[in-house]
Amino acid sequence: MIERWLRIPYKKKEVPGSLSKYISDNSDIVRSKTELNIANALYKRKIPYKYECPLILRNRNIIYPDFTILDVKNRKIVYWEHRGMMDDRDYAKNSVARLREYADNQIFPGDNLIITEETYALQLGTNDIAKVIRHYFS
């Protein structure tokens, strides 16, 4: 099941050349150090995921959740959105709008949506990431 799911091809969202890029242990190009830490933690624990895999919503809009995760134990897909610039007003506004889009598509925090957040002063550390993974995937 895992291998079949991982083999399904998808077109990742392009990372503009002007942005910083980080390469995960799974060879994914991610946008931030925190996403790098999340990707590496999932990979280390052998939790199957796809980075920025397109999700087609009911209204035909396409969004790119940071991580689409195959929850093998519960046989369901879980999305993980890391909101890394919550002290930026426009970013925070867009993040709230995204939560509404998810809810309109039956994707809810605590069920099939994981949300982590950080600000410049309050970073999400590797211990925090490990706690989230233990909670959802143990």
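The values are calculated or read from the model by the stated rules, or taken from the named source; none is laboratory data. As the structure is a computational prediction, the values presented were derived from the model and not from experiment. Note: ideal-geometry Cβ built from the backbone for every residue, glycine included; neighbour counts use all protein chains shown. Calculation scope for accessible area: heavy atoms of the full protein, side chains included, ligands and nucleic acids excluded. Shrake-Rupley method; radii C 1.70, N 1.55, O 1.52, S 1.80 Å.
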Considering residues that are more than 15 Å from the chain's Cα centre (by Cα) and open to solvent by less than 30 Å² (accessible area, probe 1.4 Å), the number found within region 106-138 is 1
The residue from LEU6, LEU99, LEU19, LEU70 that alone is without any contact (Cβ under 8 Å) to a residue 24 or more places away in the chain and under 16 Å from the mean Cα position of the chain (by Cα) is LEU99
List the strands (runs of 3 or more DSSP E) that sit entirely inside region 10-120 and contain at least 1 residues that are farther than 19 Å from LYS131 by Cα, basic (Lys, Arg) and out of contact with any helix residue (DSSP H, G or I) (no Cβ under 7 Å at 6 or more places or on another chain). 49-51, 76-83
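Okay, residues lined up against (1) at pLDDT 95 or above; (2) among the β-branched types (Val, Ile, Thr); (3) touching a Pro at 6+ places or on another chain (Cβ under 6 Å):
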| position | (1), (2), (3) |
| --- | --- |
| TYR22 | no, no, no |
| ASP25 | yes, no, no |
| ARG31 | no, no, no |
| THR34 | yes, yes, no |
| ASN40 | yes, no, no |
All but one of (1) of a type in the set (A, V, I, L, M); (2) under 26 Å from THR119 (Cβ atoms); (3) open to solvent by 30 Å² or more (accessible area, probe 1.4 Å) hold for VAL30; state the number of the condition that does not hold. (3)
